[in-house]
1. Kindly indicate whether any position in the stretch 94-113 is buried (at least 23 other Cβ atoms within 10 Å of the Cβ), charged (D, E, K, R) and in contact with a helix residue (DSSP H, G or I) (Cβ under 9 Å, 6 or more places away or on another chain).
2. Mind listing whichever residues of the stretch 328-363 are of a type in the set (A, V, I, L, M, F, W, C) and in a strand (DSSP E or B)?
3. Every residue in the stretch 293-312 that is modelled with pLDDT of 95 or more and among the charged types (D, E, K, R), please.
4. Kindly establish whether Val423 is open to solvent by 60 Å² or more (accessible area, probe 1.4 Å), more than 30 Å from Arg292 (Cβ to Cβ) and modelled with pLDDT under 50.
5. Quick one: in the stretch 300-312, of everything that is in contact (Cβ under 8 Å) with a residue 24 or more places away in the chain and assigned to a loop (DSSP other than H, G, I, E, B), which residue is surrounded by the most Cβ atoms within 10 Å (Cβ to Cβ)?
6. So which of Asn43, Asn65 ends up being of a type outside the set (Phe, Trp, Tyr) and either under 19 Å from Glu110 (Cβ atoms) or crowded, with 21+ Cβ neighbours inside 10 Å (or both)?
7. Looking only at the stretch 313-339, filter to residues that are out of contact with any strand residue (DSSP E or B) (no Cβ under 7 Å at 6 or more places or on another chain) and under 19 Å from Val269 (Cα atoms); which one of those is least open to solvent (accessible area, probe 1.4 Å)?
8. Here is a list of conditions, (1) exposed (fewer than 14 other Cβ atoms within 10 Å of the Cβ); (2) in a loop (DSSP other than H, G, I, E, B); (3) in contact (Cβ under 8 Å) with a residue 24 or more places away in the chain; (4) within 22 Å of the chain's Cα centre (by Cα), and Met72 meets all of them except one; can you say which number that is?
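The values are calculated or read from the model by the stated rules, or taken from the named source; none is laboratory data. Predicted model only: the values in this text are computed from it and were never measured. Backbone-built Cβ (ideal geometry, glycine too); neighbour counts: all protein chains shown. For accessibility, only protein heavy atoms count, side chains too; no ligands or nucleic acids. Shrake-Rupley method; radii C 1.70, N 1.55, O 1.52, S 1.80 Å.
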Amino acid sequence: MSRKVVRSSKFRHVFGQAVKADQCYDDIRISQMTWDSNFCTVNPRFVAMIVDASGGGAFIVLPLNKTGRIDMSYPTVCGHTGPVLDIEFCPHNDNIIASASEDCSVMVWEIPDNGLTSPLTEPVVKLDGHSKRVGTLSWHPTAHNVLMTAGCDNVLILWNVARGEAMVRMDTVHTDMIYSAVWNRDGSQILTTCKDKIIRILDPRKGTVIAEKEKPHEGTRPVRAVFMSDGKILSTGFSRMSERQVALWDPKNFTEPLTLQELDTGSGVLLPFYDPDTSVVYLGGKGDSSIRYFEVTDEAPYVHYLSMYSGKDSQKGMGYMPKRGLEVNKCEIARFYKLHERKCEPIIMTVPRKSDLFQEDLYPDTIGPEPSVEADDWFAGKEAPPILISLKDGFVATTKSREFKVHKNTLGVSLKRPLSAAVGMKYNIINAPTSSALKLISTLSRRL
């Protein structure tokens, strides 16, 4: 008589909990567009959501502490002439956000420290290069000012945002609409899913295909895929009978999946959110009212179901907080910002622990906001692993957001306040052109 042994895991008892009603963001008209992007992006300072707008596209950016009912007259970012389809905060500067739109353009915006006081219509940079609507964008995880965009013209472009130039253009790789495009941990590879039912691993600078897999899922509905920290690939899709599936692949041997699990018969595309620190992946489907989470390990069956958070209302989108914005003293390992039709509701994922001390096993060093390479050097071929920070001394939103700033000026030189407390409040000047410019910049920064 065999006895089933429960697999040992410190994340087996992770539970999700919605915050109280007064900590939600209410009365926001979330966009009605039928597009499979997150519709929400968040960092330790702001939360941004795509909203309904008459005569163009708009999104709203709120300071995290501005909870409760949001007035109808609250200013929005409204420079696009068509609906906004995707937004994402820059990982290296909490005040910078990029937006992609149906008007074929991509815009980069700078949000003031205390949020918007009037509608923002002028972007810092406008990037024109797509001939059809732009549905996907993603910042490079380690290189400063590198942005990837993918449009319905089957073209994927890598931009140097500081120069406003398209540096790499991949227009022959994909034969149909690109569903998703993501970076790996150090930004040395790109993973795309496409309507032609092929997932591809790309070399971002050469624009060539490293590996590809046809029909990772048999169904016709959109596929999503993300890199795991060890280079494996997790994909979500549909079977021929429209059952939702999750699969794990080894790019060195793409013939068969390491595991393929059927989940349910829901109709919404499952959006994967992967945490490389804990190897936990969260799956939230558009139109679902639940978030499933799994632990990815090296032991068969590789993708282990942990549990599921269920709410009352279905979600129209979801934002995922970076690790440095979590409350480590409460053992919070993930926080989602779930979009309803008229509100945004934070969902907190917690590992129950009795001790109030810092839990080192839950919080290994994580990716910080410092870029490890500049855009020009990266496009020239330089690779750099992400710069890690420790969360032990409370890298929570309040301290982190105060220490990270960029000021734009007429010379196009970025002034950056370093994160190191030892350097204090002095500014570092990146890529300064001449000594005379330095004097002018120091004068400008004093006025700012």
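1. Taking every residue of the stretch 94-113 in turn, at least one turns out to be buried (at least 23 other Cβ atoms within 10 Å of the Cβ), charged (D, E, K, R) and in contact with a helix residue (DSSP H, G or I) (Cβ under 9 Å, 6 or more places away or on another chain).
2. Matches in the stretch 328-363: Ile333, Ala334, Phe336, Leu339, Cys344, Ile347, Ile348, Met349.
3. Glu295
4. Yes; evaluated as a whole, the condition is true for this residue.
5. Per the criteria, the residue is Tyr302.
6. After ruling out the rest, the residue left standing is Asn43.
7. Across the stretch 313-339, the extreme among qualifying residues is Ser314.
8. (4)
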